[in-house]
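A quick write-up on the structure given underneath.
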Amino acid sequence: FDEHLRVRAKVYTKIKKVSPNKGWVEQDPQEILHVSKQLLKQLIHDSGVRTQTIKGIGMTNQREATLLWDKTTGKPVYSVIGWEDTRTRAFCASLRKTSQTIVRKLTGLSLDSYFSASKIVWIVNHVPRAKKLLQQNRLAFGTLDSWLIWNLCEGHPHLTDETNASRTLLFDIQKKTWSDQLLTVFHIPASLLPSVVSSRSRFGVLVKELLGTTIPVLAVCGDQQAST
């Protein structure tokens, strides 16, 4: 968009989803990263805009899609588990008997497999490498905004915004912070989590080698909140 909010260029491509078991929905995090880089480059080319004149970039994403990666190497430990994945439905139903009240009070949400928390638990419990990295304090969690920020920005910032954090079942929406109580419910250590900032913040600057100049990421917002 230019300064008058006119569209200068628009590009898109499809990315794959796979369902290795009934109710499972997964995506390749490296494909998402590769496609994002390619589309940014194509967008600059198609628009004819000089990168030096770009004031900033905004980002929106599927909110509950969940990914864990190695903080040291940057390599994912498992595929992205999509928001619509239901593999943790039974786990959530069991936990709901004892923890639905506190989850609803702090998050405004139902304790459901739709959200990120149970997906984190599943990966840690089913992927040996994830458990090992967790013990070494090398495991990072993120929704797709965090994954892209970490990979596309200088210094690998580990960040998310309030709209994405609010869909994890781990975020106290009144205090606007990760909840120790909710982390205890799911047995998830705080060391995994990104820092949470306002949707309108400076999340970092793109690495120079991507587009030839450093451009700040100035807004991140979950898909439905962004469309509003």
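Of note:
- Relative contact order for region 74-228, counting Cα pairs under 8 Å that sit 6 or more residues apart, in percent: 21 percent
- In this label model, W24 and K176 are separated by 3.9 nm, measuring between points 7 Å along each Cα→Cβ vector.
- GNM flexibility winner over the chain from L148, L68, L109 (Cα, springs under 10 Å): L109
- Cα centroid separation, region 1-74 to region 82-151 (Å): 23 Å
- With eigenvalues of the C-alpha gyration tensor scaled by 5 and rooted, region 90-165, Å: 26, 18, 9
- The chain: calculated mean residue ellipticity at 222 nm from DSSP helix runs of at least 4, using -39500 (n - 2.57): -11000 deg cm²/dmol
- Loop-located trypsin sites (Lys or Arg not before Pro) in region 33-124 whose Cβ has at most 11 other Cβ within 10 Å (DSSP): R50, K55
- Degrees, to the nearest 10: 89-107 long Cα axis against longest axis of the chain: 70 degrees
- Under the Karplus curve 6.51 cos²θ - 1.76 cosθ + 1.60, θ = phi - 60°, whole-Hz ³J(HN,Hα) for region 130-138, x wherever Gly or Pro sits: 5, 5, 5, 5, 4, 5, 8, 6, 10
- For the residue pairs K37/K71; K71/K208; K71/K176, the alpha carbons lie no more than 27 Å apart in every case.
- Accessible area of V103 in the full protein assembly, 1.4 Å probe (Å², nearest 10): 0 Å²
- Amide H to amide H distances under 5 Å link Y78 with L68, where only residues 5 or more positions off or on other chains count and H is placed in the peptide plane.
- Net length gained if the chain between K75 and T98 were fully extended (0.36 nm per residue, minus Cα distance): 4.7 nm
- Separation in nanometres of the label points that stand 7 Å from Cα toward Cβ, at S110 and R138: 4.0 nm
- Accessible-area ranking of W24, W83, largest first, probe 1.4 Å: W83, W24
- Amide H partners (placed H, <5 Å) of N61, local residues excluded: C221, D223
- Among Y114, Y78, Y12: highest mean-square fluctuation, GNM of the chain, C-alpha pairs under 10 Å: Y12
- Where (1) 16.8, 46; (2) 17.9, 57; (3) 17.4, 50 are the candidate values, the label of the one calculated here for Rg and Dmax of the Cα atoms in Å is (2).
- Against the chain, whose longest principal axis is taken from its Cα atoms, helix 116-126 shows a tilt of about 70°.
The values are calculated or read from the model by the stated rules, or taken from the named source; none is laboratory data. Computed from a predicted model, the values in this text were never measured in an experiment. FYI the Cβ positions are ideal-geometry reconstructions off the backbone, even for glycines, and counts take in every protein chain you see. The protein model used for the area step is the full one, side chains on, heavy atoms only, and it has no ligands, DNA or RNA in it. Shrake-Rupley method; radii C 1.70, N 1.55, O 1.52, S 1.80 Å.
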